[in-house]
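Below you'll find the structure, written out as structure tokens, and then a few comments.
The values are calculated or read from the model by the stated rules, or taken from the named source; none is laboratory data. Predicted model, so just to flag it, every value in this text is computed and none were measured. For neighbour counting, all protein chains shown are included, and Cβ atoms are generated from backbone atoms with ideal geometry for every residue, glycine included. All accessible areas refer to the heavy atoms of the entire protein, side chains included, with ligands and DNA or RNA removed. Shrake-Rupley method; radii C 1.70, N 1.55, O 1.52, S 1.80 Å.
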Amino acid sequence: MKQQKRPSLPRGLRWHSGSQFIWFTWRDAEGRQHQKSTETNDPAKALIFKMQFLQEQEMRTTKYVESLDLTKEPLDRVAQLYFDWKLANNSSDTVSRERRMFKNVLKFFGPKTAVKFIRLPQIREYQKDRRKQISPTMKQPVTARSVNYEMQLLKGVMTYADCWSDALAARYQPLREVKSRAGKTASSDQMIRIINAAMKNEYWQLAMWCAAVAVGTGCRSGEIRKLQLKDICLSEGKIRVVREIAKSRKERQPRLMALAEWGLGQLLRRAQALGASAPEHFLLPLNVSKSRHLAKSTDAKWDASKPMTSWVKSWRKLTNSCGMKGFRFHDLRHTFRTQGAEAGVPLEVMMAQLGHLDRQTSLDYVHIQQRALERAKQLIEAEQAEILASARVQKQRQCLGQAAKKHARSRRDHLSISALPPSVDSTIETQTAVQRARAGDGTPLQSNPQPADRNTTRLVTAVPPAFD
């Protein structure tokens, strides 16, 4: 029997293919999209349910803003207020990432647990339990750095609720981290390998062009992804990173190296081909066809008013094909900073280019390479050349003196040997004759007719009895 056709719905409501009820789409305070079922198939009831639900969400976000006592509030509620407050001082990408990380904390302590009931033994138990877990993205045990980051977020939430006491702060100890400044950087040969591999695969070219911009400016992936056409000035050789997309929330204007200009030129031609023409359009338009929700609302394949989400998959495949497994896109920023250090660019200039607010952060990005060590060796050797020359002259004189002494000693020994009595030669001849006799030679043996001198230590060799 043919299925009965469903009636049309008011704007904002839709039928779900896998459900008999009416559904609708709504967005939270961060702009994230969610799907909600009305639990009814009546259009009128569904519309009323949607209006009431949206009103409850609006009241929920404003209900706890001016709460006087947050110690008795559940952990998830205080965390929501804390991260909403952090949006005033941090980028939305940073806060969204921290929200995702904090889900592990909520799962362990319980989202409905009152903040004031969280104690130090629970925190220590979380540290032990979390270290044993395997990260689903990295496929390896969770590092101490990640656990400390999550505990730092919990500390911020509890401090926001005035529950992080002095006694707790004095007894809490973060896990020991293995810190290393070695990091990963790409050599010139590796960058050439990446470009050559991407030229043969159209799917990897976008990631390669973005990599050229990153290694030629030191910008982060999020800063490149959210660039608008109005922020790009190829004629002046710079781009503008506005404070809304900068991690430090501070606007800057990085200069473009030649490699970055080449990558931006390729991305601009691609953006224009995809319909990006207005100054507010993004350099990397969103592919609407890959979004299961947006694809149903429009027939267009690309939306230049929204930025793309990520190129992580293509980047991983590209680096794996080049034998650089595990090389992150963010390591290109490290590469730019290291190349600047090797070229002798002042630290303050690199801080302005990269957007660092303190010197230590910029120093953490420096990875001294062999080429830098070779340059340092040449410079120091030039300073020590005079000392080394003096040392070599003294060594040469010492060797000449020792050679002269050795020659004189050898000459004295030669003179003393030539002055020995003839008995010495006869002794040698006798020993040689004995050896020939033992070998079967029939030559008769003759003893030394001359008596030995008492004052010498040389003895005349006697004939063995076996040969008498």
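Which of the residues that make up segment 318-333 are open to solvent by 60 Å² or more (accessible area, probe 1.4 Å) and more than 11 Å from residue 211 (Cα to Cα)?
Matches in segment 318-333: 320, 321, 323, 325.
From the set of residues in segment 306-317 that are over 17 Å from the mean Cα position of the chain (by Cα) and open to solvent by less than 70 Å² (accessible area, probe 1.4 Å), which is farthest from residue 198 (Cα to Cα)?
Filtering first and then ranking leaves 307.
Of the residues that sit in segment 251-305 and are basic (Lys, Arg) and at pLDDT below 90, which one is farthest from the chain's Cα centre (by Cα)?
Going through the qualifying residues, I end up with 296.
Could you please let me know if residue 196 is in a helix (DSSP H, G or I), out of contact with any Cys (no Cβ under 7 Å at 6 or more places or on another chain) and over 17 Å from residue 318 (Cβ atoms)?
no
Considering (1) more than 25 Å from residue 130 (Cα to Cα); (2) at pLDDT 90 or above; (3) not hydrophobic (A, V, I, L, M, F, W, C), say which one residue 184 fails and leave the rest.
With (1) more than 25 Å from residue 130 (Cα to Cα); (2) at pLDDT 90 or above; (3) not hydrophobic (A, V, I, L, M, F, W, C) applied to residue 184, the lone miss is (2).
What are the residue pairs meeting all of these: first residue in segment 119-142, first residue in contact (Cβ under 8 Å) with a residue 40 or more places away in the chain, second residue in a loop (DSSP other than H, G, I, E, B) and surrounded by 12 or more Cβ atoms within 10 Å (Cβ to Cβ), Cβ atoms under 8 Å, and 6 or more apart or on different chains?
Hits for this filter: 120/172; 123/172; 127/175; 131/142; 131/175.
The rows are residues; the columns are (1) open to solvent by less than 10 Å² (accessible area, probe 1.4 Å); (2) of a type in the set (Lys, Arg); (3) within 11 Å of residue 260 (Cβ to Cβ).
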| residue | (1), (2), (3) |
| --- | --- |
| 196 | no, no, no |
| 200 | no, yes, no |
| 206 | no, no, no |
| 213 | yes, no, yes |
| 221 | no, no, no |
| 231 | yes, no, no |
| 235 | no, no, no |
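What residue, among those in segment 97-112 that are surrounded by fewer than 16 Cβ atoms within 10 Å (Cβ to Cβ) and over 19 Å from residue 125 (Cα atoms), is modelled with the highest pLDDT?
Ranking the candidates gives 100 first.
Could you please find all residues in segment 148-194 being of a type in the set (A, V, I, L, M), under 17 Å from residue 121 (Cβ atoms) and surrounded by fewer than 17 Cβ atoms within 10 Å (Cβ to Cβ)?
167, 168, 169, 170, 175
Select from segment 278-293 the residues that are free of Cβ contacts under 8 Å to residues at least 40 places away in the same chain and over 20 Å from residue 32 (Cβ atoms) and list them in ascending order.
The initial filter retains those residues of segment 278-293 that are free of Cβ contacts under 8 Å to residues at least 40 places away in the same chain, namely 285-292.
Passing the criteria: 285, 289.
Out of 217, 137, report the one residue that is within 22 Å of the chain's Cα centre (by Cα) and under 18 Å from residue 313 (Cβ atoms).
On inspection, the qualifying residue turns out to be 137.
Go through (1) among the polar types (S, T, N, Q); (2) outside any helix (DSSP H, G or I); (3) more than 18 Å from the chain's Cα centre (by Cα) one by one and return the number of the condition residue 185 breaks.
Answer for residue 185: the failing condition is (3).
Looking at 45, 50, 36 in this structure, which one is part of a helix (DSSP H, G or I), among the basic types (Lys, Arg) and open to solvent by less than 90 Å² (accessible area, probe 1.4 Å)?
It is 50.
Sort out which residues of segment 341-355 are open to solvent by 30 Å² or more (accessible area, probe 1.4 Å) and touching a strand residue (DSSP E or B) at 6+ places or on another chain (Cβ under 8 Å), and write them in order of number.
Of everything in segment 341-355, just one residue is open to solvent by 30 Å² or more (accessible area, probe 1.4 Å) and touching a strand residue (DSSP E or B) at 6+ places or on another chain (Cβ under 8 Å), namely 352.
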